[in-house]
Each structure stands twice: as C-alpha cells, then as structure tokens.
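Working notes, beginning with the structure itself.
The values are calculated or read from the model by the stated rules, or taken from the named source; none is laboratory data. The shown structure was predicted, so the numbers you read here are calculated from the model rather than taken from an experiment. So basically every Cβ, Gly included, is an ideal-geometry build from the backbone, and we count neighbours across all protein chains shown.
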Amino acid sequence: MGFVQVSEKEGDEPIELPAEEDGTLLLSTLQAQFPECSGLQYRIVETKAVRGVRSNEGRMYSPSEESGWGEHHYFCVFPKKNKRQSDDNSENSVAKTKRTEPLLRCFDLIVLGLSYKTTDQTLREFFETYGDVVKAEIKRDNTSGQSKGFGFVRFGSYDAQMRVLSKRHLIDGRWCEVKVPSSRGIGNQVPGKVFVGRCTEDIDAEDLREYFSQFGEVIEVVIPKPFRGFSFVTFLDPYIPQLLWGEDHIIKGVSVRVSSADKRVVPKKNQQIQSNNFNMHPGNNFRMHPANNFVMHPANNFNMNPFYPHGYQMNRAMN
DNA sequence: GTTGAGCGTT
C-alpha cells in the first residue's frame, strides 16, 4: 500500500506512484509516467552505494518486507539500447524484450467447484504451496456474503501458474479445477485488437500508441468520433490482447480499462477516425504472421485438462 | 441452515 517516490534521474523532483495492494509496484504504472523505463534504483544513505530494485513478471518489489518502499527516493533505469521504436530496421534486443515480457506475465485464474466454506485465506494458503500468491479471492453474493463457489487466484510466477493449471486440486474436501477465465478466451474477438474503455478526451491516438507499444507493435489506433469514452488499439501480434485484459493501465494519469474488442462492438459507419495505419508495416497481413495460429500458442492450451477432458463430475463422491 | 454449473473487477 501507499506511494513510491520516483524521479527520472537521481536528484530530480520525485513524483508519487501508487503501489498495489500487495505492496508491489507494477512496471506498467512506472512506464505510464516514464515510458522507456525498465527498472528502478536507489541510493543507500550510509554506504552511498546504489542498489537495484528486484523486478519480476512486470512487478517491482520493495527492498524490505517490513518497511516496504520506505522513504527511499527511487530513480529510473533505462535500457542501454534505447533507440526510437520506429527504427524497425533491425531485430534489436528492445523489440525482443517487448515481445517476450508480456507472454510470461501472470494473470488471474478462475477456481471452479470450491466449497462454500472456503475463504480467501484458505484459498491462498492452499495455492501458496505452488508459489507466491499475489491474489486469492472468493466471489460472494453482494448482500448475503455467501460464497458463489468460485474464486480467482493469481500467482507471482508463470512457472507456478503453469503447474497449477496442469492438475486438479482437492480444496476443503472438494475437487476443484483451475482454468484460464473465459474473459481471456478467443471468441468473437478481432485478432490483435483491444477495447480501451474509460478514456478521457485528452488521450489522443499518439498517447495510446506510445503507451501500448511497450507490449508489442501497435499497427492501428481508432478513436471514434464524436468522442464516446473509448477507443481501439490493434497489435501486430494477435495474442497480445489476451495478456492485457484484467490489468490496470494508467495513461496520462487516467485509469483506462482494457477488454476484448469483439465483432459486436464494431465502430459505426458515419464516424471519423482520428488515426489509423500510421505505421505502414510490411508485416501487417495477419495471415502471413507466424503468431497468428492461436492454437499453437501455449497460453491457449491451458484449459485442456488431461485429467478431465470431457467434464467429469469432479465432486460426485464428496459431501 | 439448503445448492454444484459457471466466469469477476470494491
């Protein structure tokens, strides 16, 4: 909880960035203010040594478990190869980093079939045997507080996430399955396209392109006119969108909401488009792109449970 | 206080 004091360079006036509930600072939060920033450092007052902040899976961890981020004044680290992103003539390390980082990032997993007595706490404790649990919550009825029998869990490491998805789990006497939420599925979505809700009018196409370029190459930005409070961003790689849903994204200090752009939400005919196809990339043909085969991607095979491929009644013998 | 396929954002 709380805020982290960060400036671009050591000695500059710091700004306060909000930390997450678990005390971590999201790289996306950091990059919303310092777009090219890849990490944080701070100086130890006593020894004058500079220390780096631990970072993993898009999250930055405070130096101390007890005192959190403390009163340190953090400053940004930038990649050495910090060329303009439009310099697309070489497959440099920047481009590779931007492609692989979101692929390995964890996301919420849904836990189905939970006992009505299972709590956030017992859910967390159960999954902690697999790795750091960033979030564990039971979904409850708003008025009665009664559990709905399912919940969400999020891990700190992709490895733990993979291991959990590969098996069934006996939690509080019930066999439960852990799946990728259908909200991340690939139903009617337009390949590579995301819906960006809660936009404000001062967020223009260039702001959106600049922000979302950290996750992959952006090939189109559409802001419906007249302004309707949302916009669309399309990536070259069609699997990028499902890695962004459910995240908080802060652009120009505004918390926007990224969700799927499906075919029901096609822009109206009689509207202007502020910007599109600003990046005429030769690889714009989705069919030609090797990443276009969704099924080939491991992230799309999570729900194929080898134990119960046909919906076996998991809790038949219980209770 | 009961139930048992699903899919949330406080």
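One residue is enough: does the range A:140-155 have a residue meeting the conditions under 22 Å from A:Y61 (Cβ atoms), more than 10 Å from DNA strand B (Cβ to nearest atom) and touching a residue at least 12 places away in the same chain (Cβ under 8 Å)? Explain how you work it out, then say what you get.
Applying the first criterion (under 22 Å from A:Y61 (Cβ atoms)) to the range A:140-155 yields A:152-155.
Now narrow it down to the ones that are more than 10 Å from DNA strand B (Cβ to nearest atom): A:155.
When the remaining residues are screened for being touching a residue at least 12 places away in the same chain (Cβ under 8 Å), the result is A:155.
Checked the range A:140-155: at least one residue is under 22 Å from A:Y61 (Cβ atoms), more than 10 Å from DNA strand B (Cβ to nearest atom) and touching a residue at least 12 places away in the same chain (Cβ under 8 Å).
Across the range A:191-245, which residue is farthest from DNA strand B (Cβ to nearest atom) among those that are basic (K, R) and surrounded by 17 or more Cβ atoms within 10 Å (Cβ to Cβ)? Even if it seems obvious, please write down each step before you answer.
Quick first cut of the range A:191-245, residues basic (K, R) only: A:193, A:198, A:209, A:225, A:228.
Restricting the remaining residues to those that are surrounded by 17 or more Cβ atoms within 10 Å (Cβ to Cβ) gives A:193, A:209.
Numbers: A:K193: 17, A:R209: 24 Å.
Result: A:R209.
Tell me, yes or no, whether the range A:107-117 has at least one residue that is without any contact (Cβ under 8 Å) to a residue 12 or more places away in the chain and surrounded by fewer than 16 Cβ atoms within 10 Å (Cβ to Cβ).
Of all residues in the range A:107-117, those without any contact (Cβ under 8 Å) to a residue 12 or more places away in the chain come to none.
Looking for residues that are without any contact (Cβ under 8 Å) to a residue 12 or more places away in the chain and surrounded by fewer than 16 Cβ atoms within 10 Å (Cβ to Cβ), one finds none in the range A:107-117, hence no.
Does the range A:169-178 hold any residues that are surrounded by fewer than 16 Cβ atoms within 10 Å (Cβ to Cβ) and either more than 15 Å from DNA strand B (Cβ to nearest atom) or touching a residue at least 12 places away in the same chain (Cβ under 8 Å) (or both), and which are they? Working first, answer last.
From the range A:169-178, those surrounded by fewer than 16 Cβ atoms within 10 Å (Cβ to Cβ) are A:170, A:172-173; that's our starting set.
Listed by number, the residues that qualify are A:D172, A:G173.
Within the range A:106-125, which residues are touching a Leu at 6+ places or on another chain (Cβ under 9 Å) and either more than 9 Å from DNA strand B (Cβ to nearest atom) or within 15 Å of A:C176 (Cβ to Cβ) (or both)?
Of everything in the range A:106-125, those that are touching a Leu at 6+ places or on another chain (Cβ under 9 Å) and either more than 9 Å from DNA strand B (Cβ to nearest atom) or within 15 Å of A:C176 (Cβ to Cβ) (or both) turn out to be A:L109, A:V111, A:L114, A:L123.
Provide a single number: the residues in the range A:22-59 that are out of contact with any strand residue (DSSP E or B) (no Cβ under 8 Å at 6 or more places or on another chain) and without any contact (Cβ under 8 Å) to a residue 60 or more places away in the chain.
Step one: list which residues in the range A:22-59 are out of contact with any strand residue (DSSP E or B) (no Cβ under 8 Å at 6 or more places or on another chain), which gives A:31, A:35-36, A:45-48, A:56-57.
Now drop any that are not without any contact (Cβ under 8 Å) to a residue 60 or more places away in the chain, which leaves A:36, A:45-48.
Residues that pass the stated criteria total 5.
Hey, can you tell me all the residues within the range A:6-57 that are β-branched (V, I, T), in a loop (DSSP other than H, G, I, E, B) and modelled with pLDDT of 85 or more?
Narrowing the range A:6-57 to residues β-branched (V, I, T): A:6, A:15, A:24, A:29, A:44-45, A:47, A:50, A:53.
Applying the additional criterion that residues be in a loop (DSSP other than H, G, I, E, B) yields A:24, A:44-45, A:47, A:53.
Within the range A:6-57, A:T24, A:I44, A:V53 meet the criteria.
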